[in-house]
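The structure under discussion appears below in the form of structure tokens.
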Amino acid sequence: MLEQMKAPHVKLKIWSDDNLDLLRLINAPEMMEHLGGPETEEQIVNRHKRYLEIDGKGSGRMFSIVLLPGNETVGSVGYWDSMWKGESVYEIGWSVLPSFQGRGIATAAVAEAIADAKVERKHKYIHAFPSINNPASNAVCQKLGFQLMSNCEFEYPPGNFMQCNDWRLEVDAANIVSDERL
């Protein structure tokens, strides 16, 4: 029997002015490989502004991911209102800095963000759209009980079309995997 790895402990912090430098780190070519490539500084500043405003609009939340116990900021995760196939849903996305990947941090952070979205009871489903060429992000969806709906073409960022997997989780009845199983 394989020994199960203990899940990392993460804390999500609401996106703040202090996270602009984190967004610049996330914008690195290796981090944006599956998302149409790096953005310009102007695009980064505009995205940072949208992230700051999202919670106040009641249309989702963006967070920085903090790894405990050292309180290192290691990535971002968030969910937001979206329309998908004529249905109002949440969409979720995440990024973990390269030196922290492969440790289960994304899975733990996405589980926390889903728990936050469930409290709002606003939408029946939350969708994730990782590139079909991003095995790590697709694995996060699978580990957390998302259902693979289909392969689809998705536009992100605007003007860039990519092949994605449409993963869906019912957030009204979602069973978030416990820390022991991550």
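Every read-out reported here was derived from the displayed coordinates using simple, explicitly stated rules and does not represent laboratory data. What you see is a predicted model; the values in this text were computed from it and never measured.
Starting from the amide H of Trp84, placed 1.01 Å from N in the peptide plane, find each other amide H under 5 Å away whose residue is 5 or more places distant or on another chain.
Val89
Cα atoms only, segment 58-154: Rg and Dmax in Å?
Radius of gyration, then largest Cα-Cα span, for segment 58-154: 13.5, 43 Å.
Sort largest first and round to whole Å: the equivalent ellipsoid semi-axes of the chain, each the square root of five times a Cα gyration tensor eigenvalue.
Square roots of five times the eigenvalues give 22, 20, 18 Å.
In the Gaussian network model of the chain, springs joining C-alpha atoms below 10 Å, which of Val66, Val110, Val119 carries the largest mean-square fluctuation?
The residue with the greatest mean-square fluctuation here is Val119.
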